[in-house]
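Here's the structure, in structure tokens; my notes come after.
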Amino acid sequence: MTVTPIDPAWLAAFDAELLYLFAIDHQDAGMDAFLLGCYADLPPREAALAFGSDYDLERDDALWPRPCVPV
């Protein structure tokens, strides 16, 4: 099996989106190169949302609204 190399810029943006949305990065999530490759064809934000949906991750702001955001 051949694993497609992950673009470092995409991975940095993906991690930033995961951190913003779910307060984890790909290492915290236990993602390996194969699993990253499953999402690498999507833009970073869409990939983070898809991963969160696929693995039932709770949004970072689901329990505690962000400051200055109306509830």
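Summary table
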quantity: Residue that is nearest to Ala23 (Cα to Cα) [pool: residues in region 37-49 that are part of a helix (DSSP H, G or I) and over 8 Å from the mean Cα position of the chain (by Cα)]; calculated: Glu46
quantity: Any hit, region 18-25, residues being closer than 14 Å to Arg59 by Cα, touching a His at 6+ places or on another chain (Cβ under 9 Å), surrounded by 13 or more Cβ atoms within 10 Å (Cβ to Cβ) and without any contact (Cβ under 8 Å) to a residue 60 or more places away in the chain; calculated: yes
quantity: Filter pass, Asp15 being open to solvent by less than 100 Å² (accessible area, probe 1.4 Å), touching a helix residue (DSSP H, G or I) at 6+ places or on another chain (Cβ under 9 Å) and at pLDDT 95 or above; calculated: yes
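The values are calculated or read from the model by the stated rules, or taken from the named source; none is laboratory data. The model shown is predicted, which means the values in this text are computed figures rather than measured ones. As a convention, Cβ positions derive from the backbone with ideal geometry for all residues, glycine included, and neighbour counts pool all protein chains shown. For the accessible areas, the whole protein counts, side chains as well, though only heavy atoms, and no ligand, DNA or RNA atoms are used. Shrake-Rupley method; radii C 1.70, N 1.55, O 1.52, S 1.80 Å.
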